[in-house]
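Visitor: Dumping the structure here so I can ask a few things about it.
The values are calculated or read from the model by the stated rules, or taken from the named source; none is laboratory data. In this text, all values refer to a predicted model and were calculated from it rather than measured experimentally. Don't worry about glycine lacking a Cβ; one is built from the backbone with ideal geometry, like all the others, and counts go over all protein chains shown.
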Ligand SMILES: Cc1ncc(COP(=O)(O)O)c(C=O)c1O
């Protein structure tokens, strides 16, 4: 069984990762039960492991990162309340407005720094007074790593500034930690330290950790009980999904430390791209596994389709090109991509 499609170099996203053979074997061997009855031992084990790794009381397995953020938002925010979010956050731009659609929650985007982190003064100014006819501020949302800012790793001190302001006003902070393990590895920090005192977080198994499906929401027991109800309401209650949870357990034990290889490959890409004058590299630096760029003399769509003809798939986002390194990409693939880019621009 192969874990990589032979001809293509697929840099569109780390979501394209194929489950490794050993992960597939763990999936096949999983003991399963009906998880809506809480009788799937493998899902129960995964939830306990996720809570332990993140230092939270409890966790719930959900089908996707989007559903993780949605059940979290629904658990914190009542109808007509407001969620403070970054102006370029995934929850605002890429989750089809789900929190507004299903929760009648108004998302209030605020400016961020270059790394995509909320500006603490803006958070302070944006929290609504409790008295009067303002909407209630239901939660503050942060993202780490930050996707659109270039896979940036947000530091513990930046997180603490926002936590302090939100908690002074009794507002919970939710973290979209779709790639929190990339953020932790990049800063050589254990995940539980990086997310300490954050009230809830989502992390994804289906990105750099190479699982086929699944995310975890972690938080207090009380919060997770609420989130579990919203998961069912949204149709996310799964049955013998321990097959998927087995992949998650295997990944948490085997795929986290290797993320550093993806970061090294992204760093290599970033460095080699600096030598190509026709390319404007948009990242200031590379913290994790993403590089954004723009070709200077050729239209982005044309650049993307020409690269595809050469067997290199890249993402086209917000008028720029995104390249994401992952388990299916090695150092030679970076050399081949650079060569393909050079030929494309000739
Ligand atoms: C930062 C971030 N949050 C959330 C998600 C949503 O995850 P999913 O695709 O599993 O819904 C993504 C997906 O790419 C993401 O990049």
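Visitor: Output the qualifying pairs, or none if there are none: Cβ atoms under 6 angstrom, residues six or more apart or on different chains, first residue in the range 145-158 and free of Cβ contacts under 8 Å to residues at least 60 places away in the same chain and not assigned by TED's automatic domain parsing to the domain that holds residue 323, second residue crowded, with 24+ Cβ neighbours inside 10 Å and part of a loop (DSSP other than H, G, I, E, B).
Guide: Close Cβ pairs satisfying both conditions: 154/144.
Visitor: Do we have residue 30 as assigned by TED's automatic domain parsing to the domain that holds residue 239, in contact with a helix residue (DSSP H, G or I) (Cβ under 7 Å, 6 or more places away or on another chain), surrounded by fewer than 24 Cβ atoms within 10 Å (Cβ to Cβ) and farther than 23 Å from residue 226 by Cβ here?
Guide: Considered against the rule, which asks whether it is assigned by TED's automatic domain parsing to the domain that holds residue 239, in contact with a helix residue (DSSP H, G or I) (Cβ under 7 Å, 6 or more places away or on another chain), surrounded by fewer than 24 Cβ atoms within 10 Å (Cβ to Cβ) and farther than 23 Å from residue 226 by Cβ, residue 30 comes out as yes.
Visitor: Same structure again: Of everything in the range 88-111 that's assigned to a helix (DSSP H, G or I) and in contact (Cβ under 8 Å) with a residue 40 or more places away in the chain, which residue is nearest to the ligand (Cβ to nearest atom)? It would help to see each step written out before you state the result.
Guide: Narrowing the range 88-111 to residues assigned to a helix (DSSP H, G or I): 90-93, 98-103.
Now restrict to residues that are in contact (Cβ under 8 Å) with a residue 40 or more places away in the chain: 90-91, 93, 102.
Details: 90: 4, 91: 7, 93: 10, 102: 14 Å.
Step by step, filter the range 88-111, then rank; the result is 90.
Visitor: Which of the following residues is more than 19 Å from residue 264 (Cα to Cα) and assigned to a helix (DSSP H, G or I): 161, 141?
Guide: Step by step, each of 161, 141 is checked, and only 161 is more than 19 Å from residue 264 (Cα to Cα) and assigned to a helix (DSSP H, G or I).
Visitor: For the range 240-346, which fully contained strands (runs of 3 or more DSSP E) count at least 3 residues that are touching a helix residue (DSSP H, G or I) at 6+ places or on another chain (Cβ under 8 Å)?
Guide: 290-295, 320-324
Visitor: Scan the range 71-87 for residues that are over 10 Å from residue 217 (Cβ atoms) and within 16 Å of the ligand (Cβ to nearest atom) and report the count.
Guide: First, the residues of the range 71-87 that are over 10 Å from residue 217 (Cβ atoms): 73-74, 76-87.
Adding the requirement that they be within 16 Å of the ligand (Cβ to nearest atom) leaves 73-74, 83, 85-87.
Qualifying residue count, the range 71-87: 6.
Visitor: Test residue 238 against the criterion of being surrounded by fewer than 16 Cβ atoms within 10 Å (Cβ to Cβ), in the same structural domain as residue 161 (by TED's automatic domain parsing) and more than 19 Å from the chain's Cα centre (by Cα), and give yes or no. Outline the logic, then answer.
Guide: Values: surrounded by fewer than 16 Cβ atoms within 10 Å (Cβ to Cβ): no; in the same structural domain as residue 161 (by TED's automatic domain parsing): yes; more than 19 Å from the chain's Cα centre (by Cα): yes.
It is false that residue 238 is surrounded by fewer than 16 Cβ atoms within 10 Å (Cβ to Cβ), in the same structural domain as residue 161 (by TED's automatic domain parsing) and more than 19 Å from the chain's Cα centre (by Cα).
Visitor: So, of the residues in the range 211-230 that are buried (at least 24 other Cβ atoms within 10 Å of the Cβ) and in contact with a helix residue (DSSP H, G or I) (Cβ under 6 Å, 6 or more places away or on another chain), which turns out to be nearest to residue 26 (Cα to Cα)?
Guide: Only one residue tops the list, namely 211.
Visitor: Using the structure shown, decide if residue 161 is surrounded by fewer than 20 Cβ atoms within 10 Å (Cβ to Cβ) and touching a helix residue (DSSP H, G or I) at 6+ places or on another chain (Cβ under 6 Å).
Guide: yes
Visitor: Let me ask something additional. So if I check each of 181, 203, 134, which one is more than 13 Å from the ligand (Cβ to nearest atom), touching a strand residue (DSSP E or B) at 6+ places or on another chain (Cβ under 9 Å) and modelled with pLDDT of 95 or more?
Guide: 134
Okay, residues lined up against (1) in contact with a strand residue (DSSP E or B) (Cβ under 6 Å, 6 or more places away or on another chain); (2) assigned by TED's automatic domain parsing to the domain that holds residue 139; (3) modelled with pLDDT under 95; (4) within 21 Å of residue 15 (Cβ to Cβ):
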position	(1), (2), (3), (4)
49	no, yes, no, no
57	no, yes, no, no
62	yes, yes, no, yes
67	no, yes, no, yes
70	no, yes, no, yes
74	no, yes, no, no
77	yes, yes, no, no
80	no, yes, no, no
85	yes, yes, no, no
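Visitor: Also, I was wondering about something else. Failed condition for residue 120, given (1) away from the ligand (no atom under 16 Å from the Cβ); (2) under 15 Å from residue 215 (Cα atoms), with all others met?
Guide: (2)
Visitor: Out of the residues in the range 53-70 that are in a helix (DSSP H, G or I) and touching a residue at least 60 places away in the same chain (Cβ under 8 Å), state the one that is farthest from the ligand (Cβ to nearest atom).
Guide: The selected residue is 53.
Visitor: On to the next question. Go through the residues of the range 208-227 one by one and say whether even a single one is more than 16 Å from residue 59 (Cβ to Cβ) and either more than 16 Å from the ligand (Cβ to nearest atom) or not assigned by TED's automatic domain parsing to the domain that holds residue 128 (or both).
Guide: The answer is no; no qualifying residue exists.
Visitor: Determine which single condition residue 150 fails, assuming it passes every other condition in (1) in contact with a helix residue (DSSP H, G or I) (Cβ under 7 Å, 6 or more places away or on another chain); (2) buried (at least 16 other Cβ atoms within 10 Å of the Cβ); (3) closer than 30 Å to residue 292 by Cα.
Guide: (1)
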